[in-house]
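A quick write-up on the structure given underneath.
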Amino acid sequence: MSAGQDEDILHRLEGAGYRICDPGILQPASVFLDLSGEDMRGNLMLASDGAREYCLRPEFTIPLSLAYLASPEAGEPSAMCAGGPVFRLSPGKKTEFLQTGLENFGRTDREAADSEILALALETAGPGPWIVRMGDAALVAALLEKLDLPAVWLRRIHSGLIKGQPIAEILTPKQGRADHSGVLAALDGADKAGARALVEDLLKIADISALGGRTANEIAERFLEQAELRSDAGLDAAKRGLLEQFFAISGQPDQASAELRALFAAAQLDLQAAMDAFDQRLNFFAARGIDLNSLEFSAGFARNLDYYTGFVFEAFKADQANGRPVIAGGRYDRLLKILGAQNDIPAVGAAIWMERL
């Protein structure tokens, strides 16, 4: 994919109402590290002026979001796009590749904006046939909220989905290499303050103030989490069964919608609003000419549940469905506030990997 072809795609997006921006190759590294954690450091090409760390941009969503917040349109509907090289370190792979990003900010008609991003990304990337795999982080969050699960289970489910683990594996924590069953058994049913004090006292008796970079308090918290997971506290058989049924639902999205509604009705869970939004999005897809039979919904499809807040997707060429996605994106309504906005601002976007076209 040449730079000229990249410019052609940007001009097509401009014709659709997306303002072309150049957010700059050099970006503040702290933004990416704060959002993705220090594990991201190994994927960034870093530089420093002695006071601050910078990185070569690894993608366009955050740079375009920062450009939007710095613009007069901040807080108002605005559509932006950018293209060019992005940089990521990965063993045995190229460090520089071409990408196009398109982002839609500030629109409260979320389902219509979702459909515009998907349709425009597919149209811009060229003729199909396309296979689109999609999920709904908002629906997952709504269900977990209704089930009122403890924070330890929420964290485990979120991280497991992102890693692509089967739900049965997520809901069945394995004992680590070291056998702490005696300590964990002692913590079962104990109140949290007393259990924490017990673990910290045991560590003091063993003259352990830190281990593996963790403080005694952090080690105690880890033991408490393991004990809570081990005892299935807050996750009874009914909730476990419901989660297993929910995450097993996949296939053509209209059919999946019917299965989801039936499951929630049987469990007497009111998820009407989330399901109405799900179905309305499908209607907008159809109105924009997207073949719903080309969409593959999976309740367990997740990209990053802390980053994405709603519709998420990846698109593949039909003859490359087992390869890497050509297009990927989704809704991230909380990101703008994290980046400095006073309130959450609706936002949805997509990235096109130009060299995979």
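Annotations
- Qualifying position, being buried (at least 19 other Cβ atoms within 10 Å of the Cβ), under 20 Å from Ala113 (Cβ atoms) and touching a Cys at 6+ places or on another chain (Cβ under 8 Å), among Ala82, Ala29: Ala82
- Restricting the first member to the range 255-280 and to residues that are in contact (Cβ under 8 Å) with a residue 40 or more places away in the chain, and the second to residues that are of a type in the set (Ser, Thr, Tyr) and assigned to a helix (DSSP H, G or I), the beta-carbon pairs closer than 8 Å and six or more apart or on different chains are Met275/Ser257; Phe278/Ser257.
- Residue match in the range 95-110 (condition: more than 22 Å from Glu296 (Cα to Cα), crowded, with 19+ Cβ neighbours inside 10 Å and of a type in the set (Phe, Trp, Tyr)): yes
- Scanning the range 18-38 for residues that are touching a Ser or Thr at 6+ places or on another chain (Cβ under 8 Å), outside any loop (DSSP other than H, G, I, E, B) and in the same structural domain as Ala351 (by TED's automatic domain parsing) turns up at least one hit.
- Matching entry among Ala341, Ala328 (being surrounded by 17 or more Cβ atoms within 10 Å (Cβ to Cβ) and within 16 Å of Ala121 (Cβ to Cβ)): Ala328
- Subset of the range 306-329 [free of Cβ contacts under 8 Å to residues at least 60 places away in the same chain and either assigned to a strand (DSSP E or B) or within 19 Å of Ala256 (Cβ to Cβ) (or both)]: Ala328
- Only a single criterion out of (1) touching a residue at least 60 places away in the same chain (Cβ under 8 Å); (2) under 19 Å from Ala112 (Cα atoms) is not satisfied by Arg303, namely (2).
- The residues listed here are Phe284, Phe313; of these, the one that is under 24 Å from the mean Cα position of the chain (by Cα) and under 21 Å from Gly160 (Cβ atoms) is Phe313.
- Check on Arg88, at pLDDT 95 or above and either acidic (Asp, Glu) or out of contact with any Gly (no Cβ under 9 Å at 6 or more places or on another chain) (or both): no
- Condition met for Asp270 (among the charged types (D, E, K, R), in a helix (DSSP H, G or I) and more than 15 Å from Glu111 (Cα to Cα)): no
- Residue count for the range 294-312 under the criterion of being modelled with pLDDT of 95 or more and surrounded by fewer than 19 Cβ atoms within 10 Å (Cβ to Cβ): the result is 1.
- When Leu171 is tested against (1) of a type in the set (A, V, I, L, M, F, W, C); (2) within 30 Å of Asp291 (Cβ to Cβ); (3) crowded, with 20+ Cβ neighbours inside 10 Å, just one condition goes unmet, and that condition is (2).
Per-residue answers, yes or no, for (1) surrounded by fewer than 15 Cβ atoms within 10 Å (Cβ to Cβ); (2) among the β-branched types (Val, Ile, Thr); (3) at pLDDT below 95:
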{"site": "Ser231", "(1), (2), (3)": "yes, no, yes"}
{"site": "Gly234", "(1), (2), (3)": "no, no, yes"}
{"site": "Ala238", "(1), (2), (3)": "yes, no, yes"}
{"site": "Phe246", "(1), (2), (3)": "no, no, no"}
{"site": "Gln252", "(1), (2), (3)": "yes, no, no"}
{"site": "Glu259", "(1), (2), (3)": "no, no, no"}
{"site": "Leu263", "(1), (2), (3)": "no, no, no"}
{"site": "Ala267", "(1), (2), (3)": "no, no, no"}
{"site": "Gln272", "(1), (2), (3)": "yes, no, no"}
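- Out of Leu66, Leu144, Leu154, Leu98, sole residue that is in a strand (DSSP E or B) and within 23 Å of the chain's Cα centre (by Cα): Leu98
- In the range 32-69, residue surrounded by the most Cβ atoms within 10 Å (Cβ to Cβ) [restricted to those that are closer than 22 Å to Met354 by Cβ and of a type in the set (Phe, Trp, Tyr)]: Phe60
The values are calculated or read from the model by the stated rules, or taken from the named source; none is laboratory data. These figures come from a predicted structure and were not determined experimentally. Because the Cβ atoms are built from the backbone with ideal geometry, glycine has one as well, and the counts that use them run over all protein chains shown.
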